[in-house]
1. Is it the case that residue 244 is at pLDDT 85 or above and either surrounded by 13 or more Cβ atoms within 10 Å (Cβ to Cβ) or in a loop (DSSP other than H, G, I, E, B) (or both)?
2. Restricting to region 34-48, and then to whatever is assigned to a helix (DSSP H, G or I), farther than 12 Å from residue 76 by Cα and modelled with pLDDT of 85 or more, can you tell me which residue is nearest to the chain's Cα centre (by Cα)?
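The values are calculated or read from the model by the stated rules, or taken from the named source; none is laboratory data. What you see is a predicted model, and the numbers here were worked out from it, not measured in a lab. Note that each Cβ is placed from the backbone with ideal geometry, even for glycine, and that neighbours are counted across all protein chains shown.
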């Protein structure tokens, strides 16, 4: 799983996409205790915690069985007779545990509210879900801008094609990482579905190909490509004229020299899927 630096930590066993996926409420409670309360604990500690914190009375044998399932998955390890702790290969924080629960509840709530107010899932419904789910801003009467550094149209086409295939790999890797953090496949698919539905709003829209980047022109429309033959511009790109509400995003895709080559500890930057 990725550490707080974004590096993938190799695991000794088990598929990292499934070790923390499809956890039941009892397993989730145990992880909550392991992350927020104590590094090492016994089944009785979890029973007491559940009663005092959540007012739930648990059977110690059921807790023991859940602990064994987590041990088999490689999520927990035995630190002594009757004692358990979070595995060193599992990079999990209390923020991960709480955020997962909150995000899944928010998505269910947003989608349910959307269906309750409309008979069909229109674009405005998806925009409302995105606002609730990730707190993204909204661009009114928006335009989608895909720009690269100044060059010719063939070079720009190459950069867009390269970014298209790289982003596909990144998308699949992030899906696997979210699964490894415990998000369900259903949740991940729904988030991608909302993004896809909003992105497809660009289909069939008018688009402008041109240049800009002269002083004071950043917020202006593109100029025809012919201008680049007489003046120097810093950017060439495409503006898709959606002219409706869009999620406010700014995503950078670029290449540069690697800052990881001289690190003492080699990092595996991505799980291979």
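1. yes
2. 46
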